[in-house]
Structures are given as C-alpha cells and as structure tokens.
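The next block holds one structure in the form of structure tokens; read it before the comments.
The values are calculated or read from the model by the stated rules, or taken from the named source; none is laboratory data. The model shown is predicted, which means the values in this text are computed figures rather than measured ones. In this analysis, Cβ positions are derived from the backbone assuming ideal geometry, glycine residues included, and neighbour counts consider all displayed protein chains.
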Amino acid sequence: MKLRAALIALLFIATSQITHAQVLITTTLPDSISYWERTNRIGLDINEIAFVNWSVGGNNSVSLLAKGNFVRKYSKKNVNWHNELIFRYGLNSQEGQEVRKTDDQFQFNSTFGYRKDSVTNWFYSAKFTFTTQFANGYSYPNTETEISGPFAPAYIFLGIGGEYNRKDLGLTAYFSPLTDKTTLVLNQMLADKGSFGVQKAILDADGNVLVNGKKTRTELGILLTNQFKRQVFKNIMLDQRTTLYTDYLNNFGNIDVDFQFSLDMTVNEYVRANIGAHIIYDDDIKATEEVAGEVVQVGPKMQLKQMVGVGLSYTF
C-alpha cells in the first residue's frame with residue numbers, strides 16, 4: 001500500500017513538472033523581425049601644434065573636424081532602400097590669422113531598388129542625391145567676398161536606371177541613362193558672376209546689372225556611380241566612391257568626375273585614424289588665380305583635397 005502511494009505521488013510530481021514546462025514554452029513569444037538596418041557614427045578629429053622657444057620657428061595652431069555618417073537600409077524580399085546622410089565641417093585657428101574653414105560638406109543619398117526575384121543582383125532603381133555646404137567659403141586671405149556659400153552651390157541628382165548590388169563583395173554600381181542634374185546658386189552675387197555654370201547677369205557699359213543672373217541650371221544626362229566598401233585588413237575599412245556625369249545637350253562627352261577614397265583604421269572602440277582623398281573635375285567650376293594683385297577667373301582645373309586625421313568616434 002505504501003509503495004502504491006509513493007508511485008502515485010511521484011507520477012503526480014512528474015506530470016506537474018511537464019505541464020509547468022509546457023506552459024513556459026507556449027508562453028514564450030518569438031523575437032520581432034526588423035527589415036531595417038541602422039548605423040549612426042559621429043566623430044571629432046583634433047590636431048594641435050604648439051611652439052615654445054622653437055629655434056626654427058612656427059605658428060601655434062589648432063584644427064577641429066566634426067563629422068557624421070547616418071545610414072538607414074531597408075531590405076525585404078525584392079525591395080532594397082538605402083539612405084545615407086553625411087556631414088563634415090572643419091575649422092583651423094592659427095596664430096596671427098583669422099579662423100579659417102578647412103572642410104565643409106552636407107550630402108544626402110537615397111536609392112530605391114526593386115528586383116524580379118530574390119536571386120538576381122540587378123535592381124530597377126531610382127536615385128536621389130543632394131549636396132551642399134554649411135557656411136561661406138573664401139579665397140584666403142580675402143575674407144570679404146565669398147566664393148561659395150550654403151546652397152551656392154547645391155547639386156541635386158534625380159534619375160532612374162539599374163543597380164548591381166553585391167553585399168558579399170561590398171560593391172554597388174549604378175547606371176542611369178536618364179538623370180536630371182540641377183545646380184542651385186542662391187547667392188545672387190555669385191549668380192550674377194555666373195559661378196558654377198549658371199547664366200550670369202547682363203551688364204551695361206558701366207557694369208550695372210540690367211538682368212540678374214539665373215540662380216538655377218538644369219541638365220539632363222547620363223550618370224554612372226559606384227561604391228566599394230569592405231574590410232581589407234584587420235581593423236581597416238576601405239570606402240571608395242566614384243561619380244561620372246555627362247550632359248546630353250551641353251557639350252556631350254565632357255565628363256564631370258567626383259572620386260572619393262578613404263581608409264578608416266580602428267584603434268579601439270572610440271579612437272580612429274583615417275586617410276582620404278577627394279578629387280573633383282567639373283567643367284562648370286572655374287578656377288581663380290591672382291594676376292597683378294587681382295583675383296581673376298580662369299578655366300576649370302582638377303580639384304584635390306587630401307585628409308589625414310586621428311580622433312574620437314562613437315557608433316550607436
């Protein structure tokens with residue numbers, strides 16, 4: 001009798017544990033699925049040099065560069081939507097001269113793609129790009145007359161085409177046979193000069209403005225872009241971007257070039273070093289030179305910017 005009672009008790013306990021385990025399993029909810037991938041990165045590069053009784057001479061200086069990169073990617077089945085916001089702004093303070101701007105960029109890119117199936121790497125795509133700057137630019141040491149400014153210029157690209165996307169290689173290539181390029185020069189003084197390719201003002205014999213220069217210019221042409229971004233060595237990320245554009249109506253075959261190259265080297269979670277270069281050639285952007293004490297406008301030239309920096313970076 002005692003043995004039977006013990007067996008019944010054990011069976012009751014085992015049944016109770018199984019039932020309890022089943023309750024725990026059935027009440028556990030699966031994690032929600034998000035089709036968005038988010039990346040936020042902000043950074044500050046600082047360069048400083050100081051001299052005390054330095055025999056060969058030199059000027060004390062401090063340089064600051066604030067930068068940010070924000071990415072939003074949506075990927076679900078046959079749809080891919082990539083959005084990116086980039087900003088850079090740098091200042092240099094050197095003993096004996098005013099504070100000068102060293103870097104200035106605001107850029108927003110958005111590409112929407114659709115593919116027929118989930119196997120192919122080709123997408124039917126629409127691409128939008130907006131680029132401008134935060135503050136006025138000057139041909140130093142002249143700081144009275146600006147040579148650029150916010151929305152002067154600003155560039156808007158909007159087109160449709162095809163995109164080849166290989167996530168495993170970090171490669172994206174986009175081709176559009178039909179892209180609208182709009183150039184904005186909202187500073188009337190610069191527009192009157194015909195800066196950045198807009199139609200300049202009509203003047204009388206005394207140099208007075210009869211008809212103001214246009215603040216916009218619209219082109220229609222072919223756009224080709226590519227981006228190659230991947231880790232090439234341990235803690236070293238390569239990011240290379242190229243943009244090529246030619247207009248159908250105005251000097252077809254003359255190609256505007258925008259090439260960017262950077263190596264982002266991670267020291268630790270918060271410290272990064274970077275090396276980069278930016279090359280631009282645009283037939284509508286005329287260079288300036290100083291001749292006999294006066295700044296005159298000459299033909300287009302290749303523009304080159306080189307960057308080396310070490311600073312703080314935070315990703316969230």
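Pairing residues of the range 135-153 that are more than 13 Å from Val185 (Cβ to Cβ) with residues that are surrounded by 13 or more Cβ atoms within 10 Å (Cβ to Cβ) and of a type in the set (Phe, Trp, Tyr), at Cβ distances under 9 Å and at least 6 apart in sequence or on separate chains, gives Ala135/Tyr89; Glu144/Tyr138; Thr145/Tyr138.
Among residues of the range 48-64 that are of a type in the set (D, E, K, R), those with a beta-carbon under 9 Å from a residue that is surrounded by 11 or more Cβ atoms within 10 Å (Cβ to Cβ) at least six positions away or on a different chain give the pairs Glu48/Asn60; Glu48/Ser61; Glu48/Val62; Glu48/Ser63. Residue check: Ala173 meets all listed conditions (1) small (Gly, Ala, Ser); (2) in a loop (DSSP other than H, G, I, E, B); (3) modelled with pLDDT of 95 or more but one, namely (2). All of Thr182, Thr218 fail the test of being under 20 Å from Phe259 (Cα atoms), among the polar types (S, T, N, Q) and not in a helix (DSSP H, G or I), apart from Thr182. Considering (1) farther than 30 Å from Glu269 by Cβ; (2) surrounded by 19 or more Cβ atoms within 10 Å (Cβ to Cβ); (3) at pLDDT 95 or above, the lone condition that Lys215 does not fulfil carries the number (2). Of everything listed in (1) surrounded by 15 or more Cβ atoms within 10 Å (Cβ to Cβ); (2) farther than 22 Å from Pro150 by Cβ; (3) under 16 Å from the mean Cα position of the chain (by Cα), the single unmet condition for Asn40 is (1).
Checked against (1) of a type in the set (D, E, K, R); (2) in a strand (DSSP E or B); (3) over 16 Å from the mean Cα position of the chain (by Cα), Lys305 passes all but a single condition, namely (3). Listed by first and then second residue, the pairs with beta-carbon distance under 9 Å, at least 6 apart or on different chains, first residue in the range 209-225 and under 12 Å from Met189 (Cα atoms) and without any contact (Cβ under 8 Å) to a residue 24 or more places away in the chain, second of a type in the set (Val, Ile, Thr) and surrounded by fewer than 19 Cβ atoms within 10 Å (Cβ to Cβ), are Val209/Ile202.
Only one of the numbered conditions (1) surrounded by 15 or more Cβ atoms within 10 Å (Cβ to Cβ); (2) on the phi > 0 side of the Ramachandran plot is not met by Phe157, and that is (2).
Would you pick out the residues in the range 52-79 that are of a type in the set (A, V, I, L, M), touching a Phe, Trp or Tyr at 6+ places or on another chain (Cβ under 7 Å) and surrounded by 15 or more Cβ atoms within 10 Å (Cβ to Cβ)?
Pass one, the range 52-79, residues of a type in the set (A, V, I, L, M): 52, 56, 62, 64-66, 71, 79.
After this cut, where a residue has to be touching a Phe, Trp or Tyr at 6+ places or on another chain (Cβ under 7 Å) as well, the list is 66, 79.
Within the range 52-79, just Ala66 meets the criteria.
Tallying residues that are surrounded by fewer than 18 Cβ atoms within 10 Å (Cβ to Cβ), out of contact with any Pro (no Cβ under 9 Å at 6 or more places or on another chain) and aliphatic (A, V, I, L, M) within the range 178-200 yields 2. Among residues of the range 229-247 being without any contact (Cβ under 8 Å) to a residue 60 or more places away in the chain and touching a Gly at 6+ places or on another chain (Cβ under 6 Å), the one that is farthest from Ser195 (Cα to Cα) is Lys229. If the condition is being farther than 17 Å from Lys193 by Cα and either small (Gly, Ala, Ser) or modelled with pLDDT under 95 (or both), then the range 137-160 contributes Tyr140, Pro141, Asn142, Thr143, Gly159. Scanning the range 233-245 for residues that are within 28 Å of Asp256 (Cβ to Cβ) and of a type outside the set (S, T, N, Q) returns Met237, Leu238, Asp239, Arg241, Leu244, Tyr245.
As a summary of the residue check, Asp103 satisfies the conditions (1) of a type in the set (Asp, Glu); (2) touching a residue at least 24 places away in the same chain (Cβ under 8 Å); (3) under 30 Å from Pro150 (Cβ atoms); (4) loosely packed, with under 15 Cβ neighbours inside 10 Å except for the one numbered (4). Of all the residues in the range 253-295, those that are at pLDDT 90 or above and of a type outside the set (A, V, I, L, M) number 17.
Filtered by the rule that a residue be surrounded by 14 or more Cβ atoms within 10 Å (Cβ to Cβ) and farther than 20 Å from Arg272 by Cα, the range 302-314 gives a lone residue, Gln303.
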